[in-house]
Structure formats: C-alpha cells, structure tokens
Amino acid sequence: MRSTLSLRFIFIGIMAATGVWLRPFHLSPWLDGLASAAFGACVVWFELEVRKISLQRLIGAAVGSLLGILGAYLFSLVLSRAAPGNTAAVPFLQLALLLLMSYVGLVVGASKGETLNLSALGGLFGAEETQRHSLKLLDTSVIIDGRIADIAGAGFLEGTLAIPQFVLRELQLVADSSDSMKRNRGRRGLDVLQRIQKMPQLHVEIVEQDFPNVREVDLKLIELAKVFHCTIVTNDFNLNKVAQLHGVEVLNINELANALKPIVLPGETMRVFILKEGKEYNQGVAYLDDGTMVVVDNARKLISRTIDITVTSVLQTTAGKMIFGRFDERTHAVHDKAPVERAERPPERAERPARESAAT
C-alpha cells in the first residue's frame, strides 16, 4: 500500500517538473508546473476509479469506445463529403459526433460487460476469474468472533483471505473506543488478524478499494464482493440475508457451527449438568459444550447436579438448536449425590467431640 502511494506522488511530482521545464501552456513556470501537477492528479484519480471496475466492465468499455470512435469516423466522412464547402459547421459536428459516440460506446459497453464469460476464454482470463472466486472477504464481526482463526488453522478455508481497508478502519475504531468492552473486542480482533497472518498455509491480502459514496460497512462489503465476484465470510445474520438478496455468496460461521453440532434423536440418553431453573414449572436448564441449550423437565430441584436424562424432542431454530429432555428418578441416576453426602459428613464428625465432652 505504501509503495503504491509513493509511486503516485512520484508520478505527480514528475508531471509537475515536466510542466516547469517544458512549459506546455506558455504560462509562467510555476503555473505550468501547477497545471501539469493537476493533470497528474486527474490521472491518479482515474487510475483509482478504474481499479474498482471489474475486468469484464473494462473490456466492454474498451470495445464500446472503439466501436463508437469507428462509427464517428464513418459519419465524419459522410459529413465532409456532404458539405465540402462549409468549413465552420462540419468540424464542430465531427467533434461532437466523436465525443458523443465515444461516450455512448463507453457507457453501454461497460454496462453490458458483465454478460461476458471470461472463464470460457481460458488462459489468463480464466485464471483471474478462478482466483477472484477463491477470494474470501472477512467481515468485522467474524474477525472479532475469533473462530475464523481456528477454522483457517484447521485447513477448512482455501484461497486468499482478503481484509478490506475500511474493515480495518472500523476494527481500529472499536479498539480505540472509550468503552472498555468494545476496546477489548477490537483488540481481540487485531490479535486474531495477527494470528491468521502468521499461518504459513494462508495468504492474507489487504484490499484498498473503497466506496466513498456508500456509508455503511456492510454495504461496502457487498459492493466489493460484486466487483471481485468473491465470497463474504461473516457471522452477522442481517448481512447474510442482505448479501443473498444481492446475489453475493456468503459463508456463515454460525451455520457451520450449527452443522457441526452432534445429532441427538428423541429417546436417546445423555448426561448433562443442570445449571439453573427454567421458565416453566419444575424445569431445569443445562448447556452442552457447544452452547446448545437443554431444557429438562422434573429437574428444578437438581440444580448443580449432573444427571442422566431422556431426550424427548429437538427444536432447530435460526438462532441454533434446542434440546428438550425429561428426568425420571426411577430410571436415571444423579452422579454427584455421593460427593454431596461426603461434604455433609464433616459437621456430624465435628459434633461428636462436643457431645463426648459434654457427657464427661
């Protein structure tokens, strides 16, 4: 990023020096240098805008412009032969036709360029299309979440992990927040990025493209995914839905976590630790290692106990999976009853010396 920025400043400086030396506008040296520098800045701006456009749009725009220039040339020949003596209006019409048809060809060609199938051409174009499809954009939420590092470290992500510059800015703002909770989340996200960059099997790329006209980071991600024809990696439910409406592929970490949860069928027996009481009468609530909530009937009096239950039903929701079970004291065991009894024995042993001393 810094090398590219330095080259841009060097180019503008060379343009300014050339204007001072050659004086193309026949002004004072400083004015010519300033005008040349402004022209160089316009070239750099044009280069930044072109970088945001896909290769399909560039090819369509180039072909459309060439066809427009060719059409304007043919019309100019007809005008010059139709009105050979009119030396005032013909050059103006020829220039107007050239600008008009070039502009129309550029705009129409760029708009129709998305219909080109570059992968069918093979070679360089097919390789570029495949590389862009293998690119995966990381969202701020999935970086802060941290599970993306474990998934990538296990080898389940291929291709290139791309981190947009505006996502890094948002992550830095969170890390510099005055709120301690937000600050810790932002710093954890930066630590996750450093961990990903140190993985030798991964290639991490910083994407500089930005969309100043778009304010929200989620919409910027969607627009960037459209430009590169790549996939967004996130755990944001709303971003997932909006991206699908725009036709952008999404890898949702939460959906992956739900898919990896163990399958439990009604009638099976499982062992859980009752953590708290439930909302309904005589219910207890437990959690599995992956965070799945287990609601157990007849377990309200068994809080802080590990018990065996029978699964009665499994409910799959958009937020995750919920398991409902039932405890039957006639057929299931409470595994921490013995430790509780041993914990209650020392007071009885402590009372014996007092009774013996009182008897003496």
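Bear in mind that the values in this text are calculations on the coordinates, not laboratory data. Predicted model only: the values in this text are computed from it and were never measured. All Cβ positions, even for glycine, are placed from backbone atoms using ideal geometry, and neighbour counts span all protein chains on display.
Summary table below
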item: Extension reserve of the residue 256-residue 308 stretch, reckoned as 0.36 nm per residue once the Cα distance is removed; result: 15.9 nm
item: Pairwise centroid distance, computed over Cα atoms, of region 284-316 with region 19-41, Å; result: 78 Å
item: Region 173-211-region 235-265 distance, computed between alpha-carbon centres (Å); result: 22 Å
item: Hz values of 3J(HN,Hα) by residue in region 166-175 - Karplus curve (6.51, -1.76, 1.60), Gly and Pro given as x; result: 6, 5, 5, 5, 5, 5, 5, 5, 5, 5
item: Modelled FRET efficiency - R0 45 Å, residue 27 with residue 201, Cβ distances, 0.05 increments; result: 0.20
item: Using a Förster distance of 56 Å, the FRET efficiency for residue 58-residue 316 (Cβ separation, nearest 0.05); result: 0.75
item: Spacing of the two label points (7 Å from each Cα toward its C-beta) at residue 176 and residue 111, in nm; result: 4.2 nm
item: Separation in nanometres of the label points that stand 7 Å from Cα toward Cβ, at residue 328 and residue 165; result: 6.7 nm
item: Modelled FRET efficiency - R0 35 Å, residue 226 with residue 183, Cβ distances, 0.05 increments; result: 0.60
item: Local electrostatic count, residue 232, Cβ distance below 10 Å [Lys/Arg +1, Asp/Glu -1]; result: -3
item: Global form of region 182-314, assessed from the alpha-carbon gyration tensor, a/c cut-off 1.5; result: prolate
item: Pairs from 220/241; 136/220; 182/226; 226/321; 261/301; 241/261 whose Cα-Cα separation, in the structure shown, is over 26 Å; result: 182/226; 226/321; 261/301
item: Gyration tensor verdict on region 2-116 (Cα atoms; rounded if a/c is under 1.5, prolate if a/b is larger than b/c, oblate otherwise); result: oblate
item: Kirkwood-based shape ratio for region 269-338, expressed as Rg/Rh from alpha carbons; result: 0.95
item: Inter-site label distance for residue 289 and residue 276 at 7 Å from Cα along Cβ, in nm; result: 2.4 nm
item: Projected area averaged over orientations for region 127-259, convex hull of C-alpha atoms, nm²; result: 8.4 nm²
